[in-house]
Amino acid sequence: MSQQLNNFDMVIFGATGDLAMRKLLPCLYQAHAAGLLHPQGRILGVSRSQFDTAQFLAKVETDSKIHVKKNFSEELWASFIARLQYLTVDVNTPEHFTELSKIVKARTETDNVIIYLSTAPKFFAPACKNLANVGLNADNVRIVLEKPLGTDLQSSQEINTDVAHYFQENQIYRIDHYLGKESLQNVLPLRFGNVFFEQVWNKDFVKSVQITIAEQLGVEERGEFYDITGALRDMVQNHIMQMLCFVAMEKPKSLDADDVRDEKLKVVAALKPMTSADVDKNVIRAQYTDSGSLKGYLQENNVPADSRTETYVAIRAEIDTPRWAGVPFYLRTGKRLAARSAEIVLNFKEQENGLFGANPNRLVISLQPDETISLKLYVKQVGSGLDVQATDMVLDMGKVSDDRRAEAYELLLREVIDGRLGLFNRRDELEKAWEWVMPILDNWAVSPIKPYGYAANSWGPKEAQDLLARDGNAWLEDQA
Ligand code: NAP
């Protein structure tokens with residue numbers, strides 16, 4: 001069972017925004033309802049709106065409460081709400097920070113201060129500067145940065161440099177909510193805490209690795225945002241990169257934050273850099289096209305008719321380390337695909353054993369919609385003789401324990417409150433990941449090759465199947 005967290009003072013910038021209402025406050029409520037928040041822990045919502053606390057609470061009541069899907073009780077909700085307070089702070093108005101600092105510093109029960117910047121990144125620099133001006137960057141202050149942390153290497157470096165003027169790296173918590181997923185974290189104990197897997201987790205036994213994040217939804221009403229973002233920036237540079245790091249990293253010296261992050265950094269640094277010709281050969285970009293009643297991407301609201309933004313990307317990557325040399329890592333993500341899923345697949349090489357054929361085992365670690373680990377094994381067919389058949393041994397992670405499984409954001413908020421950095425991106429990792437994706441963005445900016453099309457509700461373009469077929473491989477849904 002988890003233990004009560006440290007006493008804390010959390011200031012949420014962007015407290016009236018969608019993320020705070022839909023995720024941050026409901027997740028803090030869950031931690032409260034589970035008895036994990038210190039009784040005196042306090043949450044101060046700040047944003048531009050000229051609300052008083054009562055008006056802010058009225059908004060929380062209408063916009064946030066509906067997002068508490070589990071463990072709700074009016075009594076617990078009332079005691080949670082009692083932790084909340086509101087202050088108008090425009091990030092561009094230094095005087096507002098004087099009042100903020102007075103409120104925070106008036107507390108004597110804790111000096112564990114957390115500032116969560118749940119705002120657009122253009123506000124990070126003025127917010128940090130004004131916080132520093134009133135001393136809210138002292139060693140006891142942690143700052144949490146929401147994604148997106150840049151749209152390319154340069155803008156990411158600029159944001160990091162701006163924040164680094166005022167905060168030390170060990171005060172900075174960069175959010176990637178995939179790192180809050182139990183089933184991604186579980187890859188480390190699975191690999192390094194069991195005798196079976198680590199022996200075969202290398203190029204001698206693994207034929208290929210696939211990492212997929214598939215969405216069934218299209219861009220919905222977010223066409224304008226999505227069109228300047230695209231699948232590569234939205235999913236690959238961050239979430240898929242984290243999944244890749246957990247699968248491919250070497251055993252860290254310890255589970256200390258920096259030992260784990262050092263090993264993740266080595267994976268990203270060992271990704272083979274791509275030339276423009278490599279991008280043409282090894283990267284597939286595509287857009288969904290209309291199918292049945294579903295619109296194509298170019299027909300969506302606020303999407304230019306000549307947009308080249310990818311709603312799908314598939315990449316054949318290689319990691320230049322002794323463990324992985326020559327093993328293809330296929331990374332893909334897309335919208336309007338046939339199913340919603342996030343999974344890691346290790347396809348093992350056929351090992352001829354002389355008795356039962358050359359049967360390729362396969363391990364599938366599913367992060368969503370279900371959290372399962374599934375190992376394809378060959379077992380005796382019922383009846384005479386010893387012919388074998390394939391079957392899946394499935395571990396449902398939801399049934400491993402009766403303990404409540406927290407949502408990713410709740411887990412991450414708890415880590416921040418207790419000052420553990422392991423599940424947050426370090427600057428060097430983040431910038432290395434941008435370095436690796438930049439040749440793809442640069443190639444696409446000038447490439448005469450238009451995005452391929454794939455029918456909405458399918459598994460992506462034919463060209464992405466060809467990418468694997470070239471190596472004698474197939475995506476999971478095309479495998480036996
Ligand atoms: P949003 O709904 O547009 O909210 C923006 C917030 O920023 C509002 O609270 C707004 O306050 C505040 N704000 C704007 N200008 C300000 C200023 N000058 N000074 C102080 N506060 C100011 O955005 P969001 O969806 O919550 O997203 C926030 C950030 O998280 C964005 O960078 C977004 O990309 C990222 N993010 C969001 C989600 C999500 O699901 N929503 C998921 C992942 C990441 P007022 O309303 O008072 O003006």
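The values are calculated or read from the model by the stated rules, or taken from the named source; none is laboratory data. What you see is a predicted model, and the numbers here were worked out from it, not measured in a lab. Note that we place each Cβ from the backbone using ideal geometry, even for glycine, and neighbour counts take in every protein chain shown. Note: areas computed on protein heavy atoms with side chains; ligands, DNA, RNA excluded. Shrake-Rupley method; radii C 1.70, N 1.55, O 1.52, S 1.80 Å.
Taking the Cα-to-Cβ direction at Gln299 and at Asp152 and moving 7 Å from each Cα, how far apart do the two end points lie in nm?
Placing both labels 7 Å along Cα→Cβ, they lie 3.3 nm apart.
For Cα pairs less than 8 Å apart in space and 6+ apart in sequence, what is the mean separation divided by the residue count of the range 346-480, i.e. the relative contact order in percent?
10
Once the mean 1/r over all distinct Cα pairs of the range 114-206 is inverted, what Kirkwood radius in angstroms do you read off?
Radius from the Kirkwood sum: 15.6 Å.
Hey, how many Å between the Cα centroid of the range 371-392 and the Cα centroid of the range 415-480?
Cα centroid to Cα centroid, the span is 32 Å.
Summing -39500 (n - 2.57) over the DSSP H runs of n ≥ 4 in the chain and dividing by its residue number, what mean residue ellipticity at 222 nm do you reach, to the nearest 500 deg cm²/dmol?
Helix contribution divided over all residues of the chain: -9000 deg cm²/dmol.
Dividing the Cα convex hull volume of the chain by residue count, how many Å³ per residue is that?
Per residue, the Cα convex hull of the chain comes to 172 Å³.
Compare the peptides 369-375, 320-326, 336-342 by average per-residue count of other Cβ atoms within 10 angstrom and give them in order, highest first.
Per-residue mean Cβ counts within 10 Å order the peptides as 336-342, 369-375, 320-326.
Net charge around Val91, counting only other residues with Cβ within less than 14 Å of its Cβ (Lys, Arg = +1; Asp, Glu = -1)?
-2
Classify the range 70-160: rounded, prolate or oblate, from the alpha-carbon gyration tensor (a ≥ b ≥ c, eigenvalue square roots; a/c under 1.5 rounded; otherwise prolate if a/b is larger than b/c)?
oblate
Can you tell me the order of 460-471, 228-239 when each peptide is scored by its average per-residue count of other Cβ atoms within 10 angstrom, highest first?
228-239, 460-471
Which one of Phe123, Met393, Asn194 is farthest out on the positive end of the charge dipole of the chain, using unit charges on Cβ (Lys, Arg +1; Asp, Glu -1) and the Cα centre as origin?
Met393
First check a/c for the range 341-480, with a ≥ b ≥ c the square roots of the eigenvalues of its C-alpha gyration tensor; if it is under 1.5, answer rounded, and if not, answer prolate when a/b is larger than b/c or oblate otherwise.
Note, shape of the range 341-480 comes out oblate.
Through the Karplus equation 6.51 cos²θ - 1.76 cosθ + 1.60, θ set to phi - 60°, convert the phi angles of the range 283-291 into ³J(HN,Hα) values in whole Hz; use x for Gly and Pro.
10, 10, 10, 7, 10, 6, 10, 4, 7
Sorted by accessible area with a 1.4 angstrom probe, largest first, how do Val382, Val247 fall?
I get Val382, Val247, largest accessible area first.
Please compute, for the alpha-carbon atoms of the range 35-94, the extent along each of the three principal axes and give them in descending order in Å.
Largest to smallest, the principal-axis extents are 39, 25, 17 Å.
Compute the Rg to Rh ratio over the range 1-157 from the alpha carbon atoms, using the Kirkwood formula for Rh, and round to two decimal places.
We get a ratio of 0.96 for the range 1-157.
Based on Cβ point charges of +1 for Lys and Arg and -1 for Asp and Glu, what charge dipole magnitude is obtained for the range 47-157 about its Cα centre, in debye rounded to the nearest 20?
Taking the Cα centre of the range 47-157 as origin, the dipole is about 180 debye.
At 7 Å along Cα-to-Cβ for each site, give me the label-to-label distance between Lys251 and Ala480 in nm.
3.5
Where does each of 175-185, 45-55 land if you order them by average Cβ count within 10 Å, highest first?
175-185, 45-55
Give the shape of the range 308-399 as rounded, prolate or oblate, defined through the alpha-carbon gyration tensor: a ≥ b ≥ c are the square roots of its eigenvalues, a/c under 1.5 means rounded, and otherwise the shape is prolate if a/b is larger than b/c and oblate if not.
It is oblate, given that a/c is not under 1.5 and a/b is not larger than b/c.
Give me the distance in nm between label points sitting 7 Å out from Cα along the Cα-to-Cβ direction at Glu109 and His165, one decimal.
3.6
What does the charge count around Gln368 come to, taking other residues whose C-beta lies under 14 Å from its C-beta (Lys +1, Arg +1, Asp -1, Glu -1)?
-4
Rounded to whole Å, give me the distance from the Cα center of the range 114-151 to that of the range 252-276.
For the range 114-151 versus the range 252-276, the Cα centre distance is 26 Å.
Going from most exposed to least, what order do Leu331, Leu153 have by accessible area with a 1.4 Å probe?
Correct descending sequence by accessible area is Leu153, Leu331.
Compute the FRET efficiency between Glu75 and Ala469 as 1/(1 + (r/R0)^6), taking r as their Cβ-Cβ distance and R0 = 41 Å, and round to the nearest 0.05.
Taking R0 as 41 Å, the efficiency between Glu75 and Ala469 is 0.10.
Which residue, Val345, Leu331, Ser307, has the largest displacement toward the positive end of the dipole of the range 233-376 when charges sit on each Cβ (Lys, Arg +1; Asp, Glu -1)?
Looking along the dipole axis, the top candidate is Ser307.
Roughly how big is the chain's charge dipole about its Cα centre, with Cβ charges of +1 (Lys, Arg) and -1 (Asp, Glu), in debye to the nearest 20?
260
Whenever you get a sec, compute what percent of the accessible area on the range 8-112 sits on carbon and sulfur atoms (1.4 Å probe).
Using a 1.4 Å probe with all protein chains present, the range 8-112 comes out at 52 percent carbon and sulfur.
For Arg405, what is the net charge nearby, where nearby means another residue's Cβ is under 14 Å from its Cβ and Lys, Arg count +1, Asp, Glu -1?
Counting the neighbours of Arg405, the net charge comes to -2.
Hey, how many Å between the Cα centroid of the range 169-203 and the Cα centroid of the range 20-86?
31
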